[in-house]
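Participant: Pasting a structure below so you can have a look.
Every number in this text was worked out from the coordinates using simple rules, so none of it is lab data. As the structure is a computational prediction, the values presented were derived from the model and not from experiment. Methodologically, a virtual Cβ is constructed for each residue, glycine included, from the backbone with ideal geometry; neighbour enumeration extends over all protein chains shown.
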Amino acid sequence: MLANPDFRAITTDRGVGVTYTCGCPCTPAAVPAAAGPGFEHCCCGKVHFAGPGAAAALDGYLRERKANRKREPDYTRGSATVDLGGAATEVAWAFPVEA
Ligand SMILES: [Zn+2]
Ligand SMILES: [Zn+2]
């Protein structure tokens with residue numbers, strides 16, 4: 001059982017988003033947009049969404065990958081809430097089971 005990653009706010013050139021310590025050299029940032037949650041699928045296979053409806057967006061994203069890819073890992077999933085500029089922001093994450 002994985003603990004929640006250390007999600008926190010990050011300012012990017014795309015706006016304020018949510019990042020975490022990934023374990024690879026990247027700083028993956030999911031930046032919510034007006035149209036819906038933002039996400040980043042890191043080179044190491046971990047994916048996270050941030051913004052209203054993050055869990056539902058992650059559901060759809062993973063379902064589509066499962067349907068269209070030959071080799072798609074199983075994921076451990078979870079959710080969290082991160083304060084972005086005073087607004088509690090929904091975060092949903094999925095990390096490959098054997099990353
Ligand atoms: Zn990476
Ligand atoms: Zn990574």
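Participant: Using the Karplus curve 6.51 cos²θ - 1.76 cosθ + 1.60 with θ = phi - 60°, what ³J(HN,Hα) values do you get for each residue of the range 4-17, in whole Hz, with x for Gly and Pro?
Facilitator: Using θ = phi - 60°, the values come out as 4, x, 7, 4, 7, 6, 9, 9, 10, 6, 9, x, 8, x Hz.
Participant: Let me ask you something else. For the chain, modelled as a Gaussian network with Cα springs under 10 Å, which listed residue fluctuates most, Asp13, Asp83, Asp74?
Facilitator: Maximum fluctuation in the GNM of the chain, among the listed residues, is at Asp13.
Participant: Separate question: Tell me, what HN-Hα J-couplings in whole Hz come from the Karplus equation 6.51 cos²θ - 1.76 cosθ + 1.60 at θ = phi - 60° for each residue of the range 61-67, using x for Gly and Pro?
Facilitator: 3J(HN,Hα) across the range 61-67, in whole Hz: 4, 6, 4, 5, 5, 4, 6.
Participant: In nm, to one decimal, how far is the Cys26 label point from the Asp6 one, both placed 7 Å along Cα→Cβ?
Facilitator: 2.0 nm
Participant: Taking a temperature of 37 °C and a viscosity of 0.692 mPa s, what whole-number D in µm²/s does Stokes-Einstein yield for the chain with Rh from Kirkwood over alpha carbon pairs? Walk me through the numbers before you get to the answer.
Facilitator: Values: Rh = 13.5 Å.
Answer, rounded: 243 µm²/s.
Participant: Using a Förster radius of 22 Å, what is the FRET efficiency between Ala35 and Asp59 based on their Cβ-Cβ separation? Nearest 0.05, please.
Facilitator: 0.80
Participant: As an exercise, identify the trypsin sites (Lys or Arg not before Pro) in the range 5-51 lying in DSSP coil whose Cβ has no more than 14 other Cβ atoms within 10 Å. Numbers along the way, then the final one.
Facilitator: Details: sites: Arg8, Arg14, Lys46; in loops: Arg14, Lys46.
For trypsin sites (Lys or Arg not before Pro) across the range 5-51 that sit outside H, G, I, E and B with at most 14 neighbouring Cβ atoms in 10 Å, the list reads Arg14.
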